[in-house]
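Down below is the structure, laid out as structure tokens.
The values are calculated or read from the model by the stated rules, or taken from the named source; none is laboratory data. What you see is a predicted model, and the numbers here were worked out from it, not measured in a lab. Neighbour counts run over all protein chains shown; Cβ positions are idealised from the backbone, glycine included.
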Amino acid sequence: MENDALTAATAAAIAELSATPAKLDLHLVRRSTVDVLEQALALPFWQQDYTQLSKGSFSGSVLSVTCEGLQIFTESMTQAVDQIASAPQDCYVIGLPTVIEGDATWGLLPINKHSLITLGKNAELYFKTANVSEITAAVIPSKRLEEYAANIEWIDLVDSIRTIKPVEPLNPGVANQLLATLGKGLKFHLEKHEEIYFPEMWKSYEDDLLSTCLFALLHVKGNTSAQSDQRIPRYLVNKVREETLMNPGVPLTIDDLCLILRVKRRTLNHAFARVLGITPITYMRNVKLHRIRDEILNAPNEIISISQLATKWGFWHMSLFSRYYRELFGEVPIDTLQRSRRLR
């Protein structure tokens, strides 16, 4: 009798424990920004470097849901930006551009509204956004997607994905299905997160997402564009960026760059026109202006004078510097400094 009572009590305790909801560890972000450098930090778990290309005041936003190492997000921006980014380690990125107003490239290839955009695990992303842009994507641990493909579809994903380019055209129906699945997950988990307790609820959505992403990967139309077409121009852009940051106080000329990179002036200008749509000189100036803005925003109390900071980065004509800064960011440097000091 005593053993029966003990067994019954144990069973009751287990039943009570099982009935207690186990709340999921959701990481949620709903954020709006008014600065390109702030935007670069807004997407959690990514390493990103943003350079604004088009002129004017910036605004952006990020919506992100992360659970069990899987992330879904939407990022929007109102200016053209050159992004150099790394996703969380050992993850695939699969998504869609949902708003494109202007020219944009992802992974060195042009994109449109019905493109599937992907990033391989541990690959560096080069993303030149349109003047107005929005992307929606999933970041999926590679092991999880590979195991799902092997167990459910009997597919070797590692082998299959080798033939898929960073940008592939999708049938509109497949694109809409993927977008609906991504959007549904974002909306539900951001709005109803207080009601999400059981791991089974997330697992159900995760299975739906993995299935939809895999379906999209296996149903690309096939793209004849050669990725190598943009590799050399992007390499030249990256080298100019390196030289600019290594020589902050030196105003490098086109001739200097051509000697350093051992290319013709025409080749260099063509590379920048093709990859970013601006000249090398404009790009170098923008890179320096971003570094100045970063110092103003992150260490305002250490700045003795704006002119000293500008000179450090190779700007000797203060009125020209102020004009360039205002055109790119929509405000003069002293306004940035005063606002940053007030916030601090």
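Taken over the range 134-166, the residue count meeting the criterion of being outside any loop (DSSP other than H, G, I, E, B), surrounded by 18 or more Cβ atoms within 10 Å (Cβ to Cβ) and in contact with a Gly (Cβ under 8 Å, 6 or more places away or on another chain) is 6. Sub-6 Å Cβ pairs linking a first residue in the range 69-91 that is over 22 Å from PHE58 (Cα atoms) to a second residue that is part of a strand (DSSP E or B) and of a type in the set (Lys, Arg), at least 6 apart or interchain, number zero. Once the range 256-304 is narrowed to residues that are basic (Lys, Arg) and buried (at least 21 other Cβ atoms within 10 Å of the Cβ), the residue that is nearest to VAL332 (Cα to Cα) is ARG293.
Every listed requirement among (1) over 18 Å from GLN52 (Cα atoms); (2) crowded, with 18+ Cβ neighbours inside 10 Å is met by SER307 save one, (2).
Count of the range 310-331 residues, restricted to those that are more than 23 Å from ALA80 (Cβ to Cβ) and surrounded by 12 or more Cβ atoms within 10 Å (Cβ to Cβ), is 5. Scanning the range 91-101 for residues that are outside any strand (DSSP E or B), out of contact with any Asp or Glu (no Cβ under 6 Å at 6 or more places or on another chain) and either of a type outside the set (Ser, Thr, Tyr) or assigned by TED's automatic domain parsing to the domain that holds LEU289 (or both) turns up nothing. Scanning the range 226-282 for residues that are in contact with a Leu (Cβ under 8 Å, 6 or more places away or on another chain) and part of a loop (DSSP other than H, G, I, E, B) yields GLN227, VAL263, LEU276, GLY277, ILE278.
Considered as a group, the residues in the range 211-236 that are crowded, with 18+ Cβ neighbours inside 10 Å and within 24 Å of PRO280 (Cβ to Cβ) include one that is modelled with the lowest pLDDT, and that residue is GLN230.
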